[in-house]
Amino acid sequence: MRRSPTNDCRIPSALFLLLGATVLLAGCAAGQPDSITEEGDSVRSLYKWVFGLAVLIFLAVEGAILFMAVKFRRRKNDDGSLPPQIHGDNRLEVVWTITPLAIVLVLFVLAYQNINDLQAEVPADEIQALVDQDKALRVDVTGLQWVWQFAYPDFAWQNSEGDMSPVKILGENTNTIPETAGSVPTLRVPLGIPVQFKLHALDVIHSFYIPQTLYKLDAVPGRVNHFEMTFTETGIYNGQCAELCGTSHADMRFRVEVMPADDFFAWAASEQAKGETSALADIAAEEAEEAAEAEAANDDGTGTSANDSSEENTESATEDTSGTETETNPASPGEATSNATDTGSGVEQADQVLSERE
Amino acid sequence: MTTHTFTPDQSPGVGAVRVTRPYRAVFLDWITTTDHKKIGTMYAIAASVFFLIGGILAGIMRIQLAIPENDFVTRDVFNQSFTMHGTIMVFLFLMPMLAALGNWMVPLQVGAADMAYPKVNALAFWMIPLGGTVLLLSYLMPNGPHAGSWVSYPPLADVSESGTAFLPGHGVDLWIGAIAILGISSTLGSINFIVTVYKMRAPGMTMLRVPIFTWTVIVQSFLAIFSLPVVTAGLAMLWISRNLGGRFFDPSAGGDPILYQHIFWYFGHPEVYILVLPVMGVVSEIIPVFSRKPLFGYKAFIFATLSIAALGTMVWAHHMFTTGAIQVHFFAFTSFLISVPTGVKMFNWTATMYKGKIEFTSAMLFALGFLMMFLIGGITGVFNATGGLDFSLHDTYFVVSHFHYVLVSAALFGLFAGFYYWFPKMSGRMLNETVGKVQFVLLFLGVNFTFLPQMLVGLDGMPRRIPTYTEEEGWGLGNLISSYGYILIALAAILFLLNVLLSMRRGKISGDNPWDAYALEWATSSPPPYYNFDRLPLIRSERPVFDENHPEAVATGDH
Ligand SMILES: [Cu+2]
Ligand SMILES: [Cu+2]
C-alpha cells in the first residue's frame, strides 16, 4: 500500500536554504533609482517602508515553511503510525486573520498619505500668479506615434498668422525604424519650483515615464491628464513611453534636462525672443510680398513674377507649419484628437496651406 | 478492475467497437467520447500543445532581449510574440489545463459517474482546439497576428477617426473571435462543474465534506461566469468599433478608451483568481496527504477562498492607476484587503505541516515550491497595491516579474504537483520520482534566474513590451541572466513531457491508492472504470478514504 519512503530531505532543505538566501540577497540589493523630485522622495520613503515589511514577512513565512518542512520530515526510524490529526484551531485562524489585516491597515495609512502627496497640485487660481513671477512652470506634453513633443505655453509670441505660438521642443517623428539616438528630444525644466505637466495624446494611449521621478502618467486621447513635480537634482535623465503604442513604442524615448531655474528662464526667454523676432520678420516679409504682388498686378506682367512669388510662399509656409503643426489645445480634447491626422507630415500641410493661398 | 492500463479502448462499454479496425475505432471513440476522464485527458493534451507554442514564443522574446539593441526579430514580430504568448498561456494553456484536472477529478471527488452534462462537456472541450485554430490562423494573414498585447487597449486595437486601423490586417479580429470562443467554452465548463457538484454528490457528502480542490473549482467557476461574459461583451464592442463603425471607445465620437479598460479588467483581475484558485486547491490536497494530517482549518480555507473571490471582483482598477481616471485610494484599499485571505491560506498550509511526518515526494516538493514562489508573487503584489508605488512600477518589468511569480508558480509548480499526485490515478502507473526531483531543481533555479533579474531591471525602470533597449540603460546583464533562466525552465518542462510519455507505458504499476490519500477519487481503481465507482465508502468527513483505511484514528474520535 505505501510507497518506499523518500526520507532524505537533506537535498531539498539545503536547496531551499540556498535559494532562500539568494532570493533574499537579490531582494536586498534591489531598489528603485534615487529620486530626482520631491514627489519621488515621498514614493521612495514609502518604498522603504513597504520593502522593509516585505522582507520581514518574506523571511518569517519562508522561514516557517522551511522550518516545518525540515523539522517535521519523516525520520528513517519512523514506526508508520499516524501523527496527531489536528483539524485546526479557531483562535489561531483569528490571530492570522487580524495580524495581516493590521499590517495592511498600517500600510494603507502610509499609502494614503503618499497618494495625496502625488496628487497635490498648486490650486488653479494660484498657478497663474506663480507662473508670472517665474515661481512655477507649465509644460504641455504631447504623445503621438512615435514621438514626444513639448511646449511651454507661458513662453509664447504672436506669430504671423496672429496665433500664439509657444516655445517648443520637437522630436523627430520615427515613422520609419530609426537610429533614434540623434533624434531624442530633450525637455528642459527648472530646478526647485513646481512644474505642471499636461499630457495630450493625438492617436493612441502613450505613457509619460521618467524612471528617476518614480512616476508615470498615461496620455489618453480625449483626456488631459495633469500632474506636478518639483525637481530637486540637476542633470540629464532618460524618459520613455511606458504604454504599448504600436510598432515603434520602444523608440519613444526622450531626455529631461533639469537646469537651475535662472538658467532655464534665461533660455526660455531667449527662445521666446527668437520666436518674436522671426515672427516680425515673417510679417515684414509678407507685407513686402503683398506689396510686390500688388505692383506686379499693376504692371500686368504676370507670367514669371507669379512663379517667383509662389516659390517664396512655399518657403514661408513651411516655416509657419513648423510653428503651428504641433500646437496643442489643452482645453479641448476634441480638437486635440482632430489634429491627429494633420501632424503626420509638415510637407503635406504646407501644400495644403499653399493651395489655400492660391 | 484493478488491472487497467493506460489504453483508451479498454474502458468497458465504449471502446473497441470494431475489432478489425482498431485504430479507426479508437479514433472515433476519442472524438465522440463524453466520458469526463477522456475529455480531461484531451484537455491536457491540447493544453500541452499550446504550452509548447507559448513557450517557443517566450523563447523568441528572451533571445531578442538577451542583449541590448538586438535584431533577432523585427519590432512587429516581437509585439506579436508577446501578444500571442500572453493570450495562449492564459486562454489555451492554463485554463484548459485546469479544466483537464477539474474534468478528471471533480466527478471522482464528489462520487459521481460523470459530469452533469456530458455532451456540453464535450462541446466545451472541442471549442478549445477551434479557438486555438482561429487564433493561430492569424499567422497566415497578410499582416500577421495581433500585436497590441493581450489587453488590446483601444485606440491601438481600434480604428482611427478616419477608419484606418492602427494595427493593420485582421489579426485583432481573429483574436477577438478566438477569445469569444474560448470564453464561451470556459463558461459552459463552469456551469457544468457547478451543476455537477450541486446535484450529483454521493450520499453523505454534504457541502462541508466536499474536497478542497473541488471547492476551489466551484468558486473558480462562479468567478468565470461573473467575468467571462463581460469581457466577451467588451470585445464584441471592440469588434463592432473596428468593423461596423461603433466608435464606443473613440473620444471624438463621445466614446471613451477608459471604458474599455474598465470592462477588460473587470474580467482581467478575477481571471488571475480563475487561474490560481484551483491550483491552491491542488496544493491543499497534496500537503495534507504527504504530511499525514488533515488540512489545517478546512472551513477557514473555504471561507478564505470565498473572500478572495468576492474581493477579487472589487479591485480591477488597480491595473489602471496611471490612467489618471481612477479613485486611487479606494482601489488601493480593496487591493490591500485581498492579501488578508491569501495570508490565511499561507498560514493554514504551513500549519498543516506542523507535527506531521512529511515525505518529500515530487508532488510535495512542487507543492512547497508553489508556496515559496507564490509568496514572492503575493508580496510583490503589495508594492503595486499601494497605488503610489504603482505609478513607478506599472508597465515595467517589475510587474512582469510579479505576475510571472504568481502565474508560473501556479502554472508550473502547482500543475506539476497535481500531475505527480494524480497521474497514478489517471493512468495506473507512477511518474518517475527521480526525474521529478531533477525537474524540481531545474524549475526552482530556472524560475528565480528568469524572473528575479526582471524584477531588478523593472525597479530600475525598464518598461515592459519593448523589443529593444539601449546599452546605456544598463539592463543588459539582468536580461541576459533572465534569458539563461528560460533555458532551465524549458528543460524542466521537456523533462516532464518525457516523463509522462515514458511512464504511460513503462511506469511502475501504482495500485489504487499509492499515496494512502484521503479524498474519494482514491476509493476507486486506477485508472477508474468508465462508470467510476463499483462501491463508495461511507462518507462522514472530508476524508472518506482516510476514514476507511484508518479506523484507529476514527475510533479515537481523532479523524
Ligand atoms: Cu508607447
Ligand atoms: Cu489585478
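The values are calculated or read from the model by the stated rules, or taken from the named source; none is laboratory data. Small disclaimer: the values here were computed from a predicted structure and weren't measured. Here the Cβ is made from the backbone with ideal geometry for all residues, glycine too, and neighbour counts use every protein chain on show. Keep in mind that these areas ignore ligands, DNA and RNA; they rest on the heavy atoms of the full protein, side chains included. Shrake-Rupley method; radii C 1.70, N 1.55, O 1.52, S 1.80 Å.
Go over the candidates B:441, B:500 one by one and state the one that is more than 8 Å from every other protein chain (Cβ to nearest Cβ) and either over 19 Å from residue B:403 (Cβ atoms) or in a helix (DSSP H, G or I) (or both).
Numbers: B:441 fails: more than 8 Å from every other protein chain (Cβ to nearest Cβ).
Exactly one of B:441, B:500 is more than 8 Å from every other protein chain (Cβ to nearest Cβ) and either over 19 Å from residue B:403 (Cβ atoms) or in a helix (DSSP H, G or I) (or both), namely B:500.
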Next on the checklist: Looking at segment B:301-312, can you tell me whether even one residue there is at the interface with chain A (Cβ under 8 Å from one of its Cβ atoms) and surrounded by 22 or more Cβ atoms within 10 Å (Cβ to Cβ)?
Outcome noted: no
Next on the checklist: For segment A:203-214, which positions are open to solvent by 10 Å² or more (accessible area, probe 1.4 Å) and either more than 7 Å from chain B (Cβ to nearest Cβ) or without any contact (Cβ under 8 Å) to a residue 40 or more places away in the chain (or both)?
Outcome noted: A:212
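Condition test on residue B:137, is it open to solvent by 20 Å² or more (accessible area, probe 1.4 Å), touching a helix residue (DSSP H, G or I) at 6+ places or on another chain (Cβ under 8 Å) and either among the hydrophobic types (A, V, I, L, M, F, W, C) or not in a helix (DSSP H, G or I) (or both)?
Numbers: open to solvent by 20 Å² or more (accessible area, probe 1.4 Å): yes; touching a helix residue (DSSP H, G or I) at 6+ places or on another chain (Cβ under 8 Å): yes; either among the hydrophobic types (A, V, I, L, M, F, W, C) or not in a helix (DSSP H, G or I) (or both): yes.
Criteria met by residue B:137.
Got a sec? Which of A:217, A:199 is modelled with pLDDT of 95 or more, at the interface with chain B (Cβ under 7 Å from one of its Cβ atoms) and either in a loop (DSSP other than H, G, I, E, B) or crowded, with 21+ Cβ neighbours inside 10 Å (or both)?
Numbers: A:199 fails: at the interface with chain B (Cβ under 7 Å from one of its Cβ atoms).
One residue alone meets the criteria, A:217.
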Next on the checklist: Given the condition surrounded by 20 or more Cβ atoms within 10 Å (Cβ to Cβ), assigned to a helix (DSSP H, G or I), within 11 Å of another protein chain (Cβ to nearest Cβ) and free of Cβ contacts under 8 Å to residues at least 24 places away in the same chain, answer yes or no: does some residue in segment B:452-460 qualify?
Outcome noted: yes
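Might you let me know whether segment B:393-403 holds any residue that is open to solvent by 10 Å² or more (accessible area, probe 1.4 Å), within 9 Å of chain A (Cβ to nearest Cβ) and free of Cβ contacts under 8 Å to residues at least 40 places away in the same chain?
Kept after step one, since they are open to solvent by 10 Å² or more (accessible area, probe 1.4 Å), are these residues of segment B:393-403: B:394, B:397, B:399-400, B:402-403.
Subsequent filtering for residues that are within 9 Å of chain A (Cβ to nearest Cβ) retains B:394.
If we keep only those that are free of Cβ contacts under 8 Å to residues at least 40 places away in the same chain too, we end up with none.
Checked segment B:393-403: no residue is open to solvent by 10 Å² or more (accessible area, probe 1.4 Å), within 9 Å of chain A (Cβ to nearest Cβ) and free of Cβ contacts under 8 Å to residues at least 40 places away in the same chain.
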Item to check | Residues satisfying the stated conditions in segment A:234-255, i.e. out of contact with any helix residue (DSSP H, G or I) (no Cβ under 8 Å at 6 or more places or on another chain) and more than 7 Å from chain B (Cβ to nearest Cβ) | outcome: A:234, A:235, A:236, A:252, A:254, A:255
Checklist entry - Considering segment A:35-76 alone, what residues qualify as being under 20 Å from residue B:346 (Cα atoms), more than 7 Å from every other protein chain (Cβ to nearest Cβ), open to solvent by 50 Å² or more (accessible area, probe 1.4 Å) and not aliphatic (A, V, I, L, M)? => result A:67, A:71
Item to check | Hits in segment B:271-289 (condition: open to solvent by 10 Å² or more (accessible area, probe 1.4 Å) and more than 16 Å from ligand 2 (Cβ to nearest atom)) | outcome: B:285
Next on the checklist: Any residue that is within 7 Å of another protein chain (Cβ to nearest Cβ) and in contact with a strand residue (DSSP E or B) (Cβ under 7 Å, 6 or more places away or on another chain) - is there at least one of those in segment A:89-97?
Outcome noted: no
Checklist entry - How many residues are open to solvent by 10 Å² or more (accessible area, probe 1.4 Å) and not in a helix (DSSP H, G or I) when one looks only at segment A:245-264? => result 6
Checklist entry - Counting only residues that are crowded, with 19+ Cβ neighbours inside 10 Å and polar (S, T, N, Q), which one in segment B:150-185 is nearest to residue B:80 (Cα to Cα)? => result B:152
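To keep it simple, each residue is scored yes or no on (1) of a type in the set (A, V, I, L, M); (2) surrounded by 21 or more Cβ atoms within 10 Å (Cβ to Cβ); (3) in contact (Cβ under 8 Å) with a residue 60 or more places away in the chain; (4) assigned to a helix (DSSP H, G or I).
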{"site": "B:50", "(1), (2), (3), (4)": "no, yes, yes, yes"}
{"site": "B:67", "(1), (2), (3), (4)": "yes, no, yes, no"}
{"site": "B:77", "(1), (2), (3), (4)": "yes, no, yes, yes"}
{"site": "B:93", "(1), (2), (3), (4)": "no, yes, yes, yes"}
Checklist entry - Quick one: how many residues across segment B:304-352 are within 16 Å of ligand 1 (Cβ to nearest atom) and under 25 Å from residue B:287 (Cβ atoms)? => result 0
Checklist entry - Within segment B:111-124, is there a residue that is of a type in the set (Gly, Ala, Ser), open to solvent by 40 Å² or more (accessible area, probe 1.4 Å) and closer than 28 Å to residue A:218 by Cα? => result no
Item to check | Wholly within segment B:354-411, helices (runs of 4 or more DSSP H) carrying at least 2 residues that are on the phi > 0 side of the Ramachandran plot | outcome: none
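Touching a residue at least 40 places away in the same chain (Cβ under 8 Å), crowded, with 20+ Cβ neighbours inside 10 Å and either under 21 Å from residue B:322 (Cβ atoms) or more than 14 Å from every other protein chain (Cβ to nearest Cβ) (or both): does that describe residue A:137? Lay out the reasoning, then the answer.
Details: touching a residue at least 40 places away in the same chain (Cβ under 8 Å): yes; crowded, with 20+ Cβ neighbours inside 10 Å: yes; either under 21 Å from residue B:322 (Cβ atoms) or more than 14 Å from every other protein chain (Cβ to nearest Cβ) (or both): yes.
When the stated conditions are applied, residue A:137 passes them.
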Next on the checklist: If I ask for residues that are within 14 Å of chain A (Cβ to nearest Cβ) and part of a helix (DSSP H, G or I), which ones from segment B:266-300 would you list?
Outcome noted: B:283, B:284, B:286, B:287, B:288, B:289, B:290, B:291, B:298, B:299, B:300
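Would you confirm whether any residue within segment A:25-34 is at pLDDT 80 or above and either facing another protein chain (nearest Cβ under 9 Å) or exposed (fewer than 14 other Cβ atoms within 10 Å of the Cβ) (or both)? If you could, list the steps in order and put the result at the bottom.
The first filter runs over segment A:25-34 and keeps only residues at pLDDT 80 or above, leaving A:33-34.
Pick out the ones that are also either facing another protein chain (nearest Cβ under 9 Å) or exposed (fewer than 14 other Cβ atoms within 10 Å of the Cβ) (or both) and you get A:33-34.
Yes, that holds for at least one residue.
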Checklist outcome for this item: Within segment B:313-335, residues more than 19 Å from residue B:400 (Cα to Cα), more than 10 Å from every other protein chain (Cβ to nearest Cβ) and surrounded by 19 or more Cβ atoms within 10 Å (Cβ to Cβ) come out as B:326, B:331
Next on the checklist: Among (1) out of contact with any strand residue (DSSP E or B) (no Cβ under 7 Å at 6 or more places or on another chain); (2) open to solvent by less than 20 Å² (accessible area, probe 1.4 Å); (3) of a type outside the set (D, E, K, R), there is one condition residue B:435 misses while meeting the rest; what is its number?
Outcome noted: (2)
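Based on what the data block shows, is residue B:394 more than 16 Å from ligand 1 (Cβ to nearest atom), over 28 Å from residue B:442 (Cα atoms) and out of contact with any His (no Cβ under 6 Å at 6 or more places or on another chain)?
Working: more than 16 Å from ligand 1 (Cβ to nearest atom): no; over 28 Å from residue B:442 (Cα atoms): yes; out of contact with any His (no Cβ under 6 Å at 6 or more places or on another chain): yes.
Criteria not met by residue B:394.
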Checklist entry - Are there any pairs with C-beta distances below 6 angstrom linking a residue in segment A:183-200 that is more than 18 Å from residue A:240 (Cβ to Cβ) to a residue that is buried (at least 20 other Cβ atoms within 10 Å of the Cβ) and of a type in the set (Phe, Trp, Tyr), with the two at least 6 apart or on different chains, and if so which? => result A:190/A:264; A:191/A:231
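Is it true that residue B:251 is open to solvent by 10 Å² or more (accessible area, probe 1.4 Å) and either closer than 30 Å to residue B:544 by Cβ or away from ligand 1 (no atom under 16 Å from the Cβ) (or both)? So that I can check it myself, show each step before the final result.
Numbers: open to solvent by 10 Å² or more (accessible area, probe 1.4 Å): yes; either closer than 30 Å to residue B:544 by Cβ or away from ligand 1 (no atom under 16 Å from the Cβ) (or both): yes.
Spelling it out, residue B:251 is indeed open to solvent by 10 Å² or more (accessible area, probe 1.4 Å) and either closer than 30 Å to residue B:544 by Cβ or away from ligand 1 (no atom under 16 Å from the Cβ) (or both).
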